1. For Thr44, all conditions in the list (1) free of Cβ contacts under 8 Å to residues at least 12 places away in the same chain; (2) closer than 27 Å to Arg107 by Cβ; (3) of a type in the set (S, T, N, Q) hold save one; what is the number of the exception?
2. Within the range 20-62, can you find the residues that are among the polar types (S, T, N, Q) and either surrounded by fewer than 19 Cβ atoms within 10 Å (Cβ to Cβ) or modelled with pLDDT of 90 or more (or both)?
3. Does Arg11 meet the test of being more than 24 Å from the chain's Cα centre (by Cα) and of a type in the set (Lys, Arg)?
4. Part of a strand (DSSP E or B), under 16 Å from the mean Cα position of the chain (by Cα) and either modelled with pLDDT under 90 or not acidic (Asp, Glu) (or both): does that describe Ile65?
5. Counting just the residues of the range 68-81 that are of a type in the set (Val, Ile, Thr) and either more than 15 Å from the chain's Cα centre (by Cα) or surrounded by 15 or more Cβ atoms within 10 Å (Cβ to Cβ) (or both), which one comes out farthest from Arg111 (Cα to Cα)?
6. Mind checking which residues of the range 122-159 are of a type outside the set (Val, Ile, Thr), in contact with a Lys or Arg (Cβ under 8 Å, 6 or more places away or on another chain) and not in a helix (DSSP H, G or I)?
7. Out of the range 4-41, which residues are part of a loop (DSSP other than H, G, I, E, B) and touching an Asp or Glu at 6+ places or on another chain (Cβ under 6 Å)?
8. Report yes if some residue within the range 106-118 is of a type in the set (Val, Ile, Thr), in a helix (DSSP H, G or I), at pLDDT 75 or above and out of contact with any Asp or Glu (no Cβ under 9 Å at 6 or more places or on another chain); otherwise report no.
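The values are calculated or read from the model by the stated rules, or taken from the named source; none is laboratory data. In this text, all values refer to a predicted model and were calculated from it rather than measured experimentally. Virtual Cβ from ideal backbone geometry, glycine too; neighbours counted across all protein chains shown.
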Amino acid sequence: MCVPYWIVSKRLEVLEAHQLNLGLYTTRVTAEDLRCAIAEAEGTPSPLAKVEAALRDLVAQGEVIEWAPGLFRSRIAETVRCLRLLRQRLWWQKDLSEAPLLVEGIRVEFRQRRRSKRDAVSVSDAIPNEVPPEVARAFQEATFSIVKVQAKPLKWVVFRLSNGYFLD
């Protein structure tokens with residue numbers, strides 16, 4: 001039984017969120033930590049070799065960083081660590097170590113990404129009825145399609161134009 005990548009990635013981020021919210025910005029998660037977290041969350045223990053293999057694959061894909069031998073960090077945790085190390089740089093400061101931190105504290109919450117619907121629609125279907133016929137004809141001759149999330153702003157722009165909002 002292979003451990004799915006998304007389970008390893010999710011458990012890694014959950015472990016890191018706890019550490020980051022405690023103020024431990026240099027997170028330290030091992031394959032054994034992940035194995036225990038997966039066993040606790042999923043109810044079934046995974047072999048350590050399978051967890052390590054999944055981690056290696058995630059490293060190869062660029063989703064996880066092995067920042068020290070056997071210690072792993074997700075890209076978002078690395079971003080938080082780098083953000084926390086930023087300092088304000090002002091012209092009068094002679095030494096960067098005396099500069100105040102740019103960010104004092106960080107709290108994180110990892111959750112699934114919301115992805116917009118990417119279904120394609122034809123351009124002619126996205127054009128509102130209020131569009132002048134010569135403009136609509138130009139769009140109807142188009143050989144490309146647009147994504148549904150693009151159709152709504154297109155209708156909004158046409159509405160605003162038809163009501164004279166963009167005219168001087």
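1. Failed condition: (2).
2. Residues satisfying the conditions are Asn21, Thr26, Thr30, Thr44, Gln61.
3. no
4. yes
5. My answer is Val80.
6. Passing the criteria: only Pro128.
7. Thr27
8. no
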